[in-house]
1. What ranking, highest mean first, results for peptides 168-179, 83-94, 16-27 when packing means the other Cβ atoms within 10 Å averaged over each residue?
2. Do you know the relative contact order of the chain, to the nearest whole percent, from alpha carbon pairs under 8 angstrom that are 6+ apart?
3. What is the Cα centroid distance between region 202-237 and region 40-98, reported in whole angstrom?
4. Net charge around residue 185, counting only other residues with Cβ within less than 10 Å of its Cβ (Lys, Arg = +1; Asp, Glu = -1)?
5. For Cα pairs less than 8 Å apart in space and 6+ apart in sequence, what is the mean separation divided by the residue count of region 137-256, i.e. the relative contact order in percent?
6. In what sequence, highest mean first, do 52-61, 227-236 appear when ranked by Cβ atoms within 10 angstrom?
7. As I understand it, the dipole of region 1-101 uses +1 on the Cβ of Lys and Arg and -1 on the Cβ of Asp and Glu, about the Cα centre. Which of 74, 20, 85 lies farthest toward its positive end?
8. For a paramagnetic label modelled at 7 Å from the Cα of residue 24 toward its Cβ, which residues of region 131-157 fall within the zone defined by backbone nitrogen distances under 20 Å?
Amino acid sequence: MAGETSRRIGVLSFRQGRLSEASRLVPEEVPVAFSYGGSTHAVMMATPSDLVDFAYGFSLAEEIIRSREDIVAVESVEAGAGIDVQITLKESTADALTARRRKMAGPVGCGLCGIESIEQAARQVVTVPEPLPWLSAHHVASAVRMLGDAQKLNRATRAVHGAGFYRPGRGLIALREDVGRHNALDKLVGSLVREGEAARDGAVVVTSRLSVEMVQKTAILGCPVLIAISAPTALAIDTANEAGMTLIGIARGDEFEVFTRPDRFMSGEAAHVA
């Protein structure tokens, strides 16, 4: 099951006023469980590929780990209709997660698992490092174009999101795809963390809208620039401002909008942005 990202199915196609039998590739979507120390922590609906990257990125985003050294091993095991990703943590990290679970087992006052107040749900975002001086309109357009060109699964199915990391002078150095936008970003984060790539001198570029979780995940990675083809929410903008992140949305072709930190653009580009 792992690695099988698409399936061909028969369809009835209506084209140019006529019905005919045809076939189409559709992406696979399966339950993926993350288990720590033999206990399931979360189950996500995801594309069954790049699961080791997914494990690292999810663990970092959920603040279960702080670095790649906190994970000792990752093993994917088929479990009925889904996949159980079994993650072994180093002892001190495992102990911290156990203590966290004991706290989560206490009183619950809202619908968010393990969260006891609205203030906890609105987690404090980390401050991103100041980027190297590279940001320009040309780079933004190049990052978006390269992401689209590299999305093989989406080109075949037209049904998955993509998340990539763009670095000037090297182009798109990493790409991950998934039926879920959060999953695609978690997989990207995991791949960069595993490879030891510094996120300060590049940009995360995604095919989805910009919700607050997308900003939070990018901030945890330590990347100061987030680019998307769709628009952000108001809370995503507020969070990006708090993190010191340059947030760029509606990036299509050579056009885009800068929602936060437009002062970082080189040579006065995007100076029209308030």
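No lab work stands behind these numbers, since they all come straight from the coordinates. Every value quoted in this text rests on a predicted model; they were computed, and no experiment measured them. Counting neighbours? That spans all protein chains shown, and the Cβs are built from the backbone with ideal geometry, glycine included.
1. Values: 168-179: 18.9, 83-94: 17.3, 16-27: 11.0.
Final packing ranking: 168-179, 83-94, 16-27.
2. Working: 575 pairs, mean separation 45.9, N = 274.
Here the relative contact order equals 17 percent.
3. First find each Cα centre; the distance between them is then 23 Å.
4. On the way: positive: 176, 181, 187, 217; negative: 178, 186, 213.
Net local charge, residue 185 excluded: +1.
5. Values: 234 pairs, mean separation 28.1, N = 120.
Relative contact order, region 137-256: 23 percent.
6. Working: 52-61: 24.9, 227-236: 18.5.
Highest to lowest by the protection proxy: 52-61, 227-236.
7. 20
8. Answer for this model: 151-157.
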